[in-house]
Amino acid sequence: MNKPSSRTPVLAAAGILALSLTLAGCGGGDSAASDRPENEIHVLVYGDASNDVESAMVERFNETSDVKVVLDTIPGAEYQQKLQTVMSTDAAPDIFFNWGGGSIQDFVDADLLMPLDDFIEEDPKLKDAFLPSVFDVATVDDTPYGVPMRGTQPVMLFHNKEVLASAGIEEAPQTWDELLDAVEKLKAAGKTPIALGGGDEWPTQMWFSYVYDRVAGPELFQSAIDGDTDVWDSEESRESLGMLRELVDTGAFGTNFQSVKFTDGGSHTLLSTGQAGFELMGSWEYSTIQDVNPEFAASGLGWSEFPEIEGGKGDPANLVGNTNNYYSVLKDTRYPEAARDFLKLMYSDEFVQEQMAIGNLPTTTSTEGFLDQATNPDYARFQFGLVQDAPNFQLSWDQAYPPAATPTIHSAVADFFAGSIDEDGFIEAMQSLKK
């Protein structure tokens, strides 16, 4: 679930070395790290509004360090592909942005990343200053390879308060049966029950992630990631698919959800303008709507955790989504001490305050003390409480698997919702994925 940022920059970036990385020709090693100036390291990040915070951290670091940081950016839509290209060249960044999990697995297998055990031994706060459920996502084979560097992004069920009330729905559904009941009431009221940006495909994946977790617990997906493809044909898997098919067939998402997108504003506009009752989306839904409809965000938007599936194995407090983004370090960096010292800024008070100023929710253990400074303190406290209390926080399926698996996952979930493949077709597609 690699969502585009829609947050608005609020910090000045004057005087920062924030460069747009040009990767054309990198495969030939034309920009070798050895040709870079001495006492310089490069930090590569996903290009979006959060770059203002990253620029601020670079500026702070460069004020006191003899080794200077250069911040390079790649536009978000191109990031994953170009990162894969540059990492195997001499132009690889010293530190780079990623999603943990499967997004770094290939780099670990290729022995390109520096294990962070020594850094953590020298400064235990590089691990202990972060919520364990988030920090562990960038751990591969019990070895840490990343430090959280932005904000957590759990997926939640958002709703339009007025639409629900007018349909006779007094509160957000707490169970699956209550959700199905709400769908019927919203249909009767002439509303699209659930907005879905099916044209983007990754929003559809969120429904699979949560239903599978609630029915089977996190163990099924973890077994699949570990290489046991038989679990996709298990009783719990087929039960999950049956529930999803029932939800689609009841008309929960309307009839044209495959042509609606989140990325062009379509799905959240349905919610904010009162055409739909719910939308299942990452926590960035709030800031996205706040940018375009601040009045609705302030008073008309509600949120809740994903409903419990009674009789299921999954804990109703479990979360799915993007646990955070991470900085990982190139094993062959010329200046490992500088890289270590830069990572320390990720648990600083300044970092937490800067992230919260643009709507991100950092996952440091100190974040709770700054929640009242958030744009919407109630929303920030709710979100932080979900993450803090979650027994398990499942990384989005398309981030838990290596990047090569993303097209297969996205096609499988989209085609199943569209009805062009059945349960057997979905299972066959997921069983084709490698460990």
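Across the stretch 289-305, computed HN-Hα scalar couplings (Karplus, 6.51 cos²θ - 1.76 cosθ + 1.60, θ = phi - 60°) run 5, 4, 5, 9, 8, x, 5, 5, 4, 6, 10, x, 8, x, 8, 7, 6 Hz from first to last residue, x flagging Gly and Pro. Counted over the stretch 84-188 with a bin width of 10 Å, the fraction of Cα pairs per bin, in whole percents, is 12, 31, 17, 15, 18, 8, 0.
If the cut-off is 30 Å between C-alpha atoms, which lysines fall inside it for residue 344, apart from same-chain ones fewer than 8 positions away? Hits, sequence-local ones excluded: 3, 68, 82, 125, 127, 331. The residues of the stretch 44-147 have, on average, 38 Å² of accessible surface per residue, using a 1.4 Å probe with all protein chains present. The phi-based Karplus calculation (6.51 cos²θ - 1.76 cosθ + 1.60; θ = phi - 60°) puts the 3J(HN,Hα) values of the stretch 46-51 at 5, x, 6, 5, 5, 4 Hz, whole numbers, x for Gly and Pro. Just so you know, the Cα atoms of the chain work out to an Rg and Dmax of 21.6, 68 Å.
Shown in residue order for the stretch 94-102 are the 3J(HN,Hα) couplings computed by the Karplus curve 6.51 cos²θ - 1.76 cosθ + 1.60 at θ = phi - 60°: 6, 9, 9, 6, 7, 10, x, x, x Hz (x for Gly and Pro).
Between 419, 282, 312, the residue with the greatest mean-square fluctuation in the GNM of the chain (Cα pairs under 10 Å linked by springs) is 419. From its DSSP helices (H runs of at least four residues, each -39,500 (n - 2.57)), the chain gives a residue-normalised ellipticity at 222 nm of -12000 deg cm²/dmol.
Among bridges DSSP assigns within the chain, what percent are antiparallel (round to 5)? Beta bridges within the chain, antiparallel portion: roughly 50 percent.
Look at the dipole of the chain built from charges on Cβ: of 202, 215, 365, the Cα furthest out on the positive end belongs to 202.
Report, by chain and number, residues whose modeled amide H sits under 5 Å from the one on residue 394, excluding near sequence neighbours (fewer than 5 apart, same chain). Close amide H contacts, sequence-distant or interchain: 319, 320, 321. Using the average count of surrounding beta-carbon atoms within 10 Å as a protection proxy, the listed peptides 394-403, 145-154 rank, highest first, as 145-154, 394-403.
The longest stretch of the chain left intact once loop-based GluC sites (Glu not before Pro) with at most 13 other Cβ atoms within 10 Å are removed from consideration, loops following DSSP, is 172-309. Once you reduce the stretch 230-274 and the stretch 53-112 to the center of their Cα atoms, the two points are 34 Å from each other. The share of accessible area on the chain that comes from carbon and sulfur is 45 percent, using a 1.4 angstrom probe.
The values are calculated or read from the model by the stated rules, or taken from the named source; none is laboratory data. Nothing here was measured: the structure is a model prediction, and the numbers come from that model. Note that each Cβ is placed from the backbone with ideal geometry, even for glycine, and that neighbours are counted across all protein chains shown. These accessible areas exclude ligands, DNA and RNA; they are computed on the full protein's heavy atoms, side chains included. Shrake-Rupley method; radii C 1.70, N 1.55, O 1.52, S 1.80 Å.
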